[in-house]
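Only one structure is covered here, and it is reproduced in the block below.
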Amino acid sequence: MHNFLREIERRAVRMAEFSTRNRDDALEIVQETMLGLVKSYSNRPEGEWKPLFYRILNSRINDWHRRQKVRNRVMTIVHWAKGEGDEPADNPLEQAPASYHSNPDEVLQLSFKTETMITAIGQLPKRQQQAFILRAWEGLSVAETAVSMSCSQGSVKTHYSRAVHTLRVKLEDER
């Protein structure tokens, strides 16, 4: 299990970072995912770990998005109640620059095309992003991706196809 988690950690952090746009939150999500996998599924056969891991990861990412929505609504109500304006308060997370890399060495190592690709993937709708990363980067089959995303194989094919089409269009525009 230790080797599996070590192999998958970096890619999982990247996936969570795409979705949250926050390195610290991504690291926390991945850590919770790893603990959940070990606690609940370490007795399962090794071949089942990868889809189970990504199913837990996607669930944790969805939970994070739900908490963010609630937190944003609460902050808006608090600002309104304090009389700080009728307009919803600006969300400091939305004002922060979108950075997928916290380590300057990583930034220097990436080429312009890689950065463009990362940005394009980060702009995909969440389900397309998940399908693309799991299929293209992680090499999961359609069936494994469907288990990981808790959806049908047809939905995986649709999300993946749309993601590939969108990425092709965006990357062609960059040429």
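Nothing in this text is a laboratory measurement; each read-out follows from the coordinates by a stated rule. All of these numbers come straight from a predicted model, not from anything done at the bench. Counting neighbours? That spans all protein chains shown, and the Cβs are built from the backbone with ideal geometry, glycine included.
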Where labels lie 7 Å past Cα in the beta-carbon direction, separation of I118 and R67 in nm: 2.4 nm
Equivalent-ellipsoid semi-axes of the stretch 108-175, from the Cα gyration tensor, Å, largest first: 24, 13, 8
Estimated dipole of the stretch 108-175 in Debye, rounded to 20 [Cβ of Lys and Arg +1, of Asp and Glu -1, Cα centre]: 180 debye
